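Each remark here refers to the structure printed beneath this line.
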Amino acid sequence: MDESVVDDAGMNEVGMGEGARYVDGNAAAGAFAEAFGTEVSASTLTCAGCGRAGRFADRHVYDRGPGMVARCPYCGEVNVHLVRTPTDVWLDLRGSSSWRIPLSG
């Protein structure tokens, strides 16, 4: 049985079926902090799929592919893709209707 899923962006996510392993957003915070230039664990994301808001730290992050995918813990919608190359970081935020990032200070 093929468990590959191709989303709207055409990116494959392997092993997203039952029993797929994920880590919480805290485990992926370093990669996202590098991209955003600030700590994101306490950021609040609003899911474009179900409309629920929650902390980035509570996202289900799948990091076994060529990049990272952070999914809504409520509905499973992909909230963000992150792919790092030797020269760039690519972010696709279409699955989030908003991000609220606290300012340090």
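What follows draws every value from the coordinates through simple rules; no lab data is involved. From a predicted model like this one, the values you see are computed outputs, not experimental measurements.
The table for this structure:
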quantity	calculated
Column: log10 I(q)/I(0), Debye, Cα scatterers of the range 18-69, q = 0.13, 0.24, 0.28, 0.32 Å⁻¹	-0.32, -0.98, -1.15, -1.21
The range 85-105 and the range 40-78: distance between their alpha carbon centers, rounded to Å	11
Cα shape, the range 26-105, gyration tensor, a/c 1.5 rule	oblate
